[in-house]
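The values are calculated or read from the model by the stated rules, or taken from the named source; none is laboratory data. This structure is a prediction, so every number in the text was calculated from the model and none was measured. Cβ placement follows ideal geometry from the backbone for every residue including glycine, while neighbour counts extend to all protein chains displayed. Quick note on the areas: whole protein, heavy atoms, side chains included, nothing else; ligands and nucleic acids left out. Shrake-Rupley method; radii C 1.70, N 1.55, O 1.52, S 1.80 Å.
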Amino acid sequence: MGSGALVWRAAAYAVAEGRTVDAVVHPRGETVPARARSLERRETDDVNELARFLDQACTDRLVCSTGNPFLFRAPVLDLGLTIVNIHGGPLPGYRGLPVAAAVFAILRAEPEFGVTLHRVDAGIDTGAVVDRRTFPLPAAVTLEELLLQVTKSCHEIFVDNLADLGRAAPPIASTPDGPGEYFGMKRLSGLAEHRDHPAFARATDLGVLEGFYPEYATLFAAAR
């Protein structure tokens, strides 16, 4: 379940590894790559409207989301499914939108960043952590470079955990650093306050990704 290259790469990889992919759920109107057109698919504006379909289609009772724009709510959360999500940020410190999280990681000169595989609960990126991968952030990293690394790492953590995606989270991994922070569009709406920050230009440099993130490109241009 998800959107963009991450979900289609994950589905294709799972099939290539001999796994059964019951269906792929993606946003309405999204272009489906040729390699995925033979898969069962459902498009939607709200995944929670597909609760009956998920309940019937999910043979192993496991749902994996990656690049996922949807928020899980009842009745999906009441189905007894094991739902895991690959989050483009290190949890619990950087919850919310991966692009927003990456912007503030650069502004804060974080020495490292990362991605997380976690169980989904009723909160937003608050479920127990199953696996976390980190990588160093160069001092001169741009948002473009960081987002490309995040995408690469999200696919890698999926590949490395495919054999046991639904395993229970280690007890010590549930809340190691407190609840963390949430980074959403509201945080980005105040980005102009940071325009004098020495890392502002790098933190808002989408580079070749501008076409993939037009909403963010517009927001960053306004903040400048």
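Summary table below
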item: Close pairs (8 angstrom Cβ cut-off, 6 or more residues apart or separate chains): touching a residue at least 40 places away in the same chain (Cβ under 8 Å) in segment 21-46, part of a loop (DSSP other than H, G, I, E, B) and of a type in the set (S, T, N, Q) anywhere; result: Pro27/Ser3
item: Test for Leu146: is it assigned to a helix (DSSP H, G or I), open to solvent by less than 10 Å² (accessible area, probe 1.4 Å) and in contact with a strand residue (DSSP E or B) (Cβ under 7 Å, 6 or more places away or on another chain); result: yes
item: Segment 1-12 residues that are more than 17 Å from Arg42 (Cβ to Cβ), paired with ones that are at pLDDT below 95 and open to solvent by less than 10 Å² (accessible area, probe 1.4 Å) (beta carbon under 7 Å, 6 or more apart); result: Ala12/Ala36
item: Scope segment 177-224; condition surrounded by fewer than 15 Cβ atoms within 10 Å (Cβ to Cβ), on the phi > 0 side of the Ramachandran plot and outside any strand (DSSP E or B); matching residues; result: Gly207
item: Selection within segment 88-105 - closer than 14 Å to Leu188 by Cα and touching a Cys at 6+ places or on another chain (Cβ under 9 Å); result: Pro98
item: Selection count where residues are outside any helix (DSSP H, G or I), open to solvent by 40 Å² or more (accessible area, probe 1.4 Å) and out of contact with any helix residue (DSSP H, G or I) (no Cβ under 9 Å at 6 or more places or on another chain), scope segment 39-60; result: 6
item: Of all residues in segment 1-38 being assigned to a loop (DSSP other than H, G, I, E, B), among the charged types (D, E, K, R) and farther than 24 Å from Val76 by Cβ, the one that is least open to solvent (accessible area, probe 1.4 Å); result: Glu17
item: Unique match (being more than 26 Å from Thr134 (Cβ to Cβ) and under 19 Å from the mean Cα position of the chain (by Cα)) among Thr82, Thr44, Thr59, Thr66; result: Thr44
item: Residue in segment 103-123 that is under 30 Å from Val208 (Cα atoms), open to solvent by 30 Å² or more (accessible area, probe 1.4 Å) and within 15 Å of the chain's Cα centre (by Cα) present; result: no
item: Boolean, Asn85 is of a type in the set (S, T, N, Q), crowded, with 20+ Cβ neighbours inside 10 Å and assigned to a loop (DSSP other than H, G, I, E, B); result: no
item: Every pair of residues 6+ apart whose Cβ atoms lie under 6 Å, when the first sits in segment 116-140 and is over 18 Å from Ala168 (Cα atoms) while the second is among the charged types (D, E, K, R) and in a loop (DSSP other than H, G, I, E, B); result: Leu137/Glu110
item: Test: residue in segment 93-111 that is at pLDDT 95 or above, among the hydrophobic types (A, V, I, L, M, F, W, C), in a loop (DSSP other than H, G, I, E, B) and farther than 23 Å from Arg42 by Cα; result: yes
item: Residue match in segment 161-172 (condition: surrounded by 14 or more Cβ atoms within 10 Å (Cβ to Cβ), of a type in the set (Gly, Ala, Ser), at pLDDT below 95 and more than 20 Å from Gly114 (Cα to Cα)); result: yes
